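The values are calculated or read from the model by the stated rules, or taken from the named source; none is laboratory data. Just so it is clear, the structure is predicted and the values come from calculations on it, not from any experiment. Cβ: placed from backbone, ideal geometry, glycine included. Neighbour counts: every protein chain shown. These accessible areas exclude ligands, DNA and RNA; they are computed on the full protein's heavy atoms, side chains included. Shrake-Rupley method; radii C 1.70, N 1.55, O 1.52, S 1.80 Å.
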Amino acid sequence: MKIISNPLELKEYLKTNTKTLGFVPTMGALHEGHISLIKQARLENELVVVSIFVNPTQFLQGEDLDKYPKKDEADKKICELSGVDILFFPHAKDIYSEDEVSLLAPKVRGFVLEGNSRPGHFNGVLTVVMKLLNIVEPTNAYFGKKDAQQLNLISLMVKQLFMSVNIVACETMRESDGLAMSSRNVYLSKEQRVQALKISSSLQIAFGMVSQGIVDVSEIVLQMREKLEPLEIFYVEILSRDFEVLENVEIGNSIVLVEARVGTTRLLDNIWL
Ligand code: PAF
């Protein structure tokens with residue numbers, strides 16, 4: 001596995017590449033969720049590039065940028081064992097300069113749900129993803145469905161800016177008890193870990209109700225909110241796959257989304273129905 005930290009060096013290295021290239025952008029602290037994205041990229045492409053970059057512009061002031069989990073050596077080993085060809089490991093100074101051209105998330109879709117609790121977060125996400133895609137120029141780029149709003153906005157960016165990369169949506173990986181895998185799960189104490197299960201259980205309630213033919217969104221959300229108590233809920237929403245408001249669940253076109261705080265940790269999860 002080749003490790004490159006300079007964006008221009010990576011661009012130069014890939015300049016003559018004619019192989020299909022799968023790209024998995026990450027912020028490190030890799031877990032089974034990331035490994036499944038890498039495996040999918042490995043299966044579907046001749047060359048696999050993974051980036052590890054804790055992007056400062058997607059953290060708001062007072063968020064966990066400084067204490068975001070860092071596991072550089074373990075991450076390198078995981079990438080090597082997962083068959084990654086190139087690991088891109090840039091420093092912030094290689095990606096950002098003082099006076100930046102900036103990319104803004106759409107005014108509506110970028111500022112609801114997580115974008116409402118973290119205004120400006122998606123400006124940072126889209127900016128860095130745009131930069132990474134321009135550096136790597138992949139055939140396919142892999143993103144988890146767990147960050148459904150991020151995935152939706154990146155797909156929108158690719159469409160609206162006429163970019164030619166194919167965005168691949170990958171399934172959420174879960175612990176055996178149902179908790180969605182996330183690098184932030186390491187912040188949870190034993191007790192909080194148990195509390196956090198309320199999030200996946202609330203999604204199971206939605207799944208169960210829809211399976212019984214109950215499709216009224218407000219009825220389902222009410223039951224889910226009850227299950228989530230006493231967690232601090234940021235949102236419980238059932239939207240179309242295109243993030244439009246629904247009155248009734250539409251099978252094959254709905255996402256049930258939850259964001260809640262457990263202790264000081266924000267956790268998000270969703271299921272696609
Ligand atoms: O999902 C993430 O890990 C990040 O938001 C991403 C896409 C790597 C951009 O920094």
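Mind running the shape call on the range 107-164? Use the C-alpha gyration tensor, a ≥ b ≥ c as the square roots of the eigenvalues: rounded below 1.5 for a/c, prolate if a/b tops b/c, oblate otherwise. Here the range 107-164 falls in the prolate category.
Going by the alpha-carbon gyration tensor, a ≥ b ≥ c the square roots of its eigenvalues, is the range 57-122 rounded (a/c under 1.5) or, if a/c is not under 1.5, prolate (a/b greater than b/c) versus oblate?
Values: a/c = 2.06, a/b = 1.79, b/c = 1.15.
Prolate.
Jot down the per residue volume, in cubic angstrom and as a whole number, of the convex hull over the alpha-carbon atoms of the range 1-84.
Numbers: hull volume 8.8 nm³, N = 84.
Hull volume normalised by residue count: 105 Å³.
Model label points for VAL194 and ASP64, set 7 angstrom from Cα along the Cα-to-Cβ axis, are 2.1 nm apart.
In a fully extended conformation the segment linking MET163 and GLN204 would gain 11.1 nm over its present Cα-Cα distance, using 0.36 nm per residue.
Using the beta-carbon distance between THR18 and ASN134 and R0 = 22 Å, what value does 1/(1 + (r/R0)^6) give for FRET efficiency, to the nearest 0.05? Show your work: numbers first, answer last.
Values: r = 19 Å, r/R0 = 0.85.
Once rounded, the FRET efficiency stands at 0.75.
I want the local charge near GLN192. Using Cβ-Cβ distances under 13 Å, sum +1 for each Lys or Arg and -1 for each Asp or Glu among the other residues. Net charge around GLN192: +4.
Compute and list, largest first, the equivalent-ellipsoid semi-axes of the range 108-215 from the alpha carbon gyration tensor, each √(5λ) rounded to a whole angstrom. Provide the component values of the computation, followed by the final result.
Numbers: eigenvalues 172, 61, 45 Å².
Values for the range 108-215, descending: 29, 18, 15 Å.
Rg and Dmax, both from the Cα atoms of the range 1-144 and both in Å, are 15.3, 43.
Given a 1.4 angstrom probe, I'd like the percentage of the accessible area of the chain that is carbon and sulfur, rounded to a whole number.
Values: 7010 of 13600 Å².
About 52 percent, which is the carbon plus sulfur part of the accessible surface.
Taking a ≥ b ≥ c as the square roots of the eigenvalues of the Cα gyration tensor, an a/c ratio of 1.5 or more together with a/b no larger than b/c marks the range 14-54 as oblate. One equal scatterer on each Cα of the chain, no solvent, Debye formula: the resulting log10 I(q)/I(0) at q = 0.07, 0.11, 0.12 Å⁻¹ is -0.26, -0.64, -0.76. Residues of the range 196-226 with an amide N closer than 18 Å to a point placed 7 Å from the Cα of ARG261 along the Cα-to-Cβ direction: 196-199. For the range 235-273, backbone nitrogen atoms closer than 11 Å to the point 7 Å from VAL108 Cα along Cα-to-C-beta are found at 243-245. Along the range 17-28 the Karplus relation, 6.51 cos²θ - 1.76 cosθ + 1.60 evaluated at θ = phi - 60°, assigns HN-Hα couplings of 5, 10, 7, 5, 10, x, 10, 10, x, 9, 10, x Hz to successive residues, with x for each Gly and Pro.
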